[in-house]
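What follows is one structure encoded as structure tokens, with my remarks underneath.
The values are calculated or read from the model by the stated rules, or taken from the named source; none is laboratory data. The model shown is predicted, which means the values in this text are computed figures rather than measured ones. Quick reminder, even Gly has a Cβ in these numbers, built from the backbone with ideal geometry, and neighbours come from all protein chains shown. Keep in mind that these areas ignore ligands, DNA and RNA; they rest on the heavy atoms of the full protein, side chains included. Shrake-Rupley method; radii C 1.70, N 1.55, O 1.52, S 1.80 Å.
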Amino acid sequence: MDDKTTEALGKLRKALETTERARGHLYSFHQLTGTADFELGDAITLLREAGHPDHAKRVQRELLGRNVLPGRWTFQIVEEYDDMYYEVFREVERAVRDDLADGQRHVFEKELKRERQRRSAEAYDD
């Protein structure tokens, strides 16, 4: 495989890996937002028990179960990201890799590993 193709596949793979990280952050956002919503439920209960029903009602009315984007909870954002972007990204990366590298992943890194190990071996020859 020529150097430009190897480099292109490396960039494509790195872009996929970056997308994987972004997806992880999106799931963190989803889980943290859900946890915060359950904590709001606890705060509402405690506000009522402490004799602050008006504040409890306001927190419940304005925050509990609130959409984070118009019409969407975080799970819907995650699902749309997965369906509209992430899965397509993975399919395209795999198709390009299958066509150009017989399905091998990390072709750039494999070449980098060979080169760095060759340089390391040369250091022993000195």
Simple Cβ-charge dipole of the chain, Lys/Arg +1 and Asp/Glu -1, about Cα centre, in debye nearest 20: 340
The chain - mean residue ellipticity at 222 nm from DSSP helices (-39,500 (n - 2.57) per run, n ≥ 4, rounded to 500): -27000 deg cm²/dmol
Cut-off 15 Å, label 7 Å out along Cα→Cβ of THR5, residues of the stretch 104-126 by amide N: 104-108, 111
Residue-normalised accessible area of the chain, expressed per residue, 1.4 Å probe, Å²: 77
Sulfur and carbon atoms: percent of accessible area, the stretch 3-123 [1.4 Å]: 54
Environment charge of ASP54, counting only residues whose C-beta is closer than 15 Å and scoring Lys/Arg +1, Asp/Glu -1: +2
Convex hull of the stretch 3-123 built on C-alpha atoms - directionally averaged projected area, nm²: 12.0
Lys pairs, the stretch 3-123 - Cα-Cα below 28 angstrom, 8 or more residues apart or on other chains: 7
Sequence of PHE38, PHE108 when ordered by accessible area, the most exposed leading, probe 1.4 angstrom: PHE38, PHE108
